[in-house]
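> I am attaching a structure below and will ask some questions about it afterwards.
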Amino acid sequence: MGADATVVQVATSYFPGDVAFDTQLEQQDTGDGGSTSRLAELGHQQTRIRESVDVRPPSKKEAEALGVSADRLVYEITHVGLTESGKAVEVCVHVMPITLWSLSYEWPIDQPAV
């Protein structure tokens, strides 16, 4: 993923074979709406996601792709897309320089029973 001429993220997605084989999900460019739209069209709509975030040094290959030195830190976000039935239909590992990104999350807090 780029912003103008700057690479701001490298990402690799993984899909189950029974979902992705012989579909556009096997292509580098999955088309408008990306993999989320292709999954929905195939009957595997993601209704929930789970993400974990780690901070680490980049690999040599990642540092080169992102145009950063190996002593800089990157976020590694592992994104899992789940269907209504709980099936994981996508795992995507995003690697992003921490100097270019700010992460912000929001979720509801369960209210105690009264």
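Values quoted throughout were computed directly from the atomic coordinates according to the rules given, and no laboratory measurement underlies them. Values in this document were obtained by computation on a predicted structure and should not be read as measured data. Quick reminder, even Gly has a Cβ in these numbers, built from the backbone with ideal geometry, and neighbours come from all protein chains shown.
> Hey, what do the phi angles of the stretch 97-107 turn into as Karplus ³J(HN,Hα) couplings, whole Hz, using 6.51/-1.76/1.60 and θ = phi - 60°, x for Gly and Pro?
These are the phi-based 3J(HN,Hα) values: x, 5, 6, 10, 10, 10, 9, 9, 10, 9, 8 Hz.
> Still on this model: Quick check for you: which residues of the stretch 59-82 have the amide N under 12 Å from the point 7 Å beyond the Cα of THR6 toward its beta carbon?
Answer for the stretch 59-82: 67-68.
> log₁₀ I(q)/I(0) of the stretch 29-80 at q = 0.13, 0.20, 0.24, 0.25 Å⁻¹, via Debye over equal Cα point scatterers, no solvent, to two decimals?
Summing over Cα pairs of the stretch 29-80 leads to -0.51, -0.80, -0.86, -0.88.
> Let me see the pair-distance distribution of the chain: every alpha carbon pair, 5 Å bin width, integer percents in order.
Histogram of Cα-Cα distances, whole percents per bin: 2, 10, 18, 18, 17, 15, 11, 5, 2, 1, 0, 0.
> Net charge within 15 Å of SER59 by Cβ-Cβ distance, Lys/Arg positive one each and Asp/Glu negative one each, not counting SER59 itself?
Local net charge: -1.
> Relative contact order (percent) for the chain, with alpha-carbon contacts under 8 angstrom and 6 or more residues of separation? All intermediate terms of the calculation are to be shown ahead of the outcome.
Working: 170 pairs, mean separation 32.7, N = 114.
Answer for the chain is 29 percent.
> 7 Å from Cα along Cα→Cβ at both SER13 and VAL93: what's the point-to-point distance in nm?
Taking the two extended label points, one gets 1.7 nm.
> Only counting other Cβ atoms within 10 Å, I'd like VAL80, VAL89, VAL53 sorted with the fewest neighbours first.
Arranged by neighbour count, lowest to highest, VAL80, VAL89, VAL53 become VAL53, VAL80, VAL89.
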